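S.K.: Pasting a structure here, questions to come.
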Amino acid sequence: MRTAHGTLPEKAVSVIEIQTQDKAGSRFVERERRTKQRFLIEQEVRYKMLYGQRIAETGTGKTMNISSGGVWFTTENMLTSGMPVELSMNWPVLLNDSCPMKLMIYGCVVRSNERGAAVAIERYEFRTQGSRAFQQPGIPAPVELRLPS
């Protein structure tokens, strides 16, 4: 685009060409036009499909990849496109090397098939889950002993 002050750069969009083959054996090139970098993070995820203030459906799956704009995850059933959804997953990195975190994602289902669903992220938040030092199993609680007098 030309302006009085020169040429403005076009919006940067990464384009990756992927050669694939359909069921009939025809080869074609797909273009990847996502603008956000995706990260391959595989974590168990819990999801709640929301219908107003009510929970319409719940399930579990596994995240396959995630970006700041969306998440792809496996599902037990096909999810309804356009429905609001809440996702909850344990974050794989500890806060300050000691505190586990949970990532809460709030968004909308944009695509679903028999393998999983894509959710556009509208907002997210990290929640702390307490220090690992207080979560170790097998450490008995302190007991007060009284000796007979």
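What follows is calculated from the coordinates using simple rules that are stated; it is not laboratory data. Note that the structure is a prediction, hence the values are computed from the model and not measured. Every residue, glycine among them, receives a Cβ derived from its backbone with ideal geometry; neighbour counts consider all protein chains shown.
S.K.: What shape does segment 44-132 take by its C-alpha gyration tensor, where a ≥ b ≥ c are the square roots of the eigenvalues and a/c under 1.5 counts as rounded, a/b above b/c as prolate, and the rest as oblate?
M.R.: prolate
S.K.: Testing the spin-label approximation: label points 7 Å from Cα along Cα→Cβ at E44 and E122. State their distance in nm.
M.R.: Between E44 and E122, the label points sit 2.8 nm apart.
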